[in-house]
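Scroll down for the structure; my scribbles are underneath it.
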Amino acid sequence: MMMCKAATRLMSKQLDAPLTARERISLRFHLMLCSACRNCEKQFGMLHRVGNAYNGTIDKPQDGSAEASSGVNADNVASDQDLLKVKEAMAEAEARRQN
């Protein structure tokens, strides 16, 4: 069975590039058994979306459907209001850092 350290590497990798079939299956199996890694995967996804939102590169549904082009499901799609709050909070943090 895959160790948590290897699973977190694959979680990170899948945000940037597709996993091989073997990697995908190994990760899914590990996630079925490990609640800590399931939580970690959710956090990776959130951080990835926040980073993309900050850079203005978030994938949004084009047809009004609940699915984004990246395969993110409806529960994980941030609203425009959420994205605005994130951008405002990051701008405030940047202003405090510069002072």
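Per-residue extension of 0.36 nm, minus the Cα-Cα distance of Glu88 and Leu19, leaves a gain of 21.5 nm for this segment. Subtracting the Cα-Cα distance of Asp80 and Met46 from their residue separation scaled by 0.36 nm leaves 10.7 nm. In this rough spin-label picture, where each label sits 7 Å from Cα along the Cβ direction, the Met3-Ser35 distance is 2.4 nm.
Rule-based calculations on the coordinates, nothing more; no lab input. Please read all numbers here as calculations on a predicted model, not as lab measurements. Positions of Cβ are generated from backbone atoms using ideal geometry, with glycine treated the same way; all protein chains shown enter the neighbour counts.
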